[in-house]
Amino acid sequence: MTELFLTGPAGRLEARYHAAEKPDAPIALILHPNPQLGGTMNNKVVYTLYQAFVQLGFSVLRFNFRGVGKSQGVFDGDSNNELADTLAALDFLKSMHPESLHAWVAGYSFGALVGLSVLMRRPDINGFVAVSPPANVCDFSFLTPCPSSGLIIQGGADTVVSEPAVATLAERLDSSRKVQVDYVLLPDADHLYTGQLKAVYDAVLTHVPELLISKKKSVKKKKSV
């Protein structure tokens, strides 16, 4: 794991980076929850997502949004600013791995909102993981239709994000044509996934390879036409 700083729209962004051995390995960008509630790139759920993608052979980057940790700028809760930070981080990651054909974005809570927003702006994103996307307080109608396949993970004992709202979101996204959105409910998990981090890790290791294989078949089919 390498500590580095990359250039963002409001100044440097503090990051942690893992480069896979294969130059054409898929890439994954990991986004943290709301820093006003203590969220940073070192959050335990974020770190679990990071480690899961490393285990799957991805090149992985996680970073602090502006105003968090050693990242420059000011966090003001405007998700458009964090979206701009994310696009800069994605451009950096893709520049480091120009041979990679597959790019994923994964986020937790506020990070899931930002990550899902990226899907509509970057058609080069092939897949996503959204952990506790705040479907009860945020409007996700912009994902109509959902452009990429992915995985949604939610805790059944979450008192911050409503499980029924997330289940409804997952069902709606899965109904989009040509995409597959898997939904994993962890019945005993609270919003912090206390004692449930391994379950999050295992869910990513189980579902992402299946979704990635499906996407690779689609890419091969398109290339053969």
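The values are calculated or read from the model by the stated rules, or taken from the named source; none is laboratory data. These figures come from a predicted structure and were not determined experimentally. We place every Cβ from the backbone using ideal geometry, glycine too, and count neighbours over all the protein chains shown. In case anyone asks, the SASA skips ligands and DNA or RNA and just uses the protein heavy atoms, side chains included. Shrake-Rupley method; radii C 1.70, N 1.55, O 1.52, S 1.80 Å.
Scanning the range 102-114 for residues that are part of a strand (DSSP E or B) and buried (at least 24 other Cβ atoms within 10 Å of the Cβ) yields W104, V105, A106, G107, Y108. Only one of the listed residues (E14, E21, E99, E82) is open to solvent by less than 10 Å² (accessible area, probe 1.4 Å) and among the charged types (D, E, K, R). That residue is E82.
Tell me whether the range 62-73 contains one or more residues that are under 13 Å from the mean Cα position of the chain (by Cα) and under 27 Å from Y193 (Cα atoms). Break it down stepwise before answering.
Step one: list which residues in the range 62-73 are under 13 Å from the mean Cα position of the chain (by Cα), which gives 62-63.
After this cut, where a residue has to be under 27 Å from Y193 (Cα atoms) as well, the list is 62-63.
Yes, the range 62-73 contains at least one residue that is under 13 Å from the mean Cα position of the chain (by Cα) and under 27 Å from Y193 (Cα atoms).
If you go through the range 61-84, how many residues are free of Cβ contacts under 8 Å to residues at least 60 places away in the same chain and in a loop (DSSP other than H, G, I, E, B)? Walk me through how you get there before you give the answer.
Of the residues in the range 61-84, the ones free of Cβ contacts under 8 Å to residues at least 60 places away in the same chain are 61-69, 75-80, 82-83.
With the extra rule that they be in a loop (DSSP other than H, G, I, E, B), the set shrinks to 64-69, 75-78.
The total comes to 10.
Taking the conditions (1) at pLDDT 95 or above; (2) within 15 Å of the chain's Cα centre (by Cα) in turn, M96 satisfies each one other than (2).
Taking the range 44-81 as the region of interest, how many residues are within 29 Å of H207 (Cβ to Cβ) and modelled with pLDDT of 95 or more?
Residues flagged as within 29 Å of H207 (Cβ to Cβ) and modelled with pLDDT of 95 or more within the range 44-81 amount to 23.
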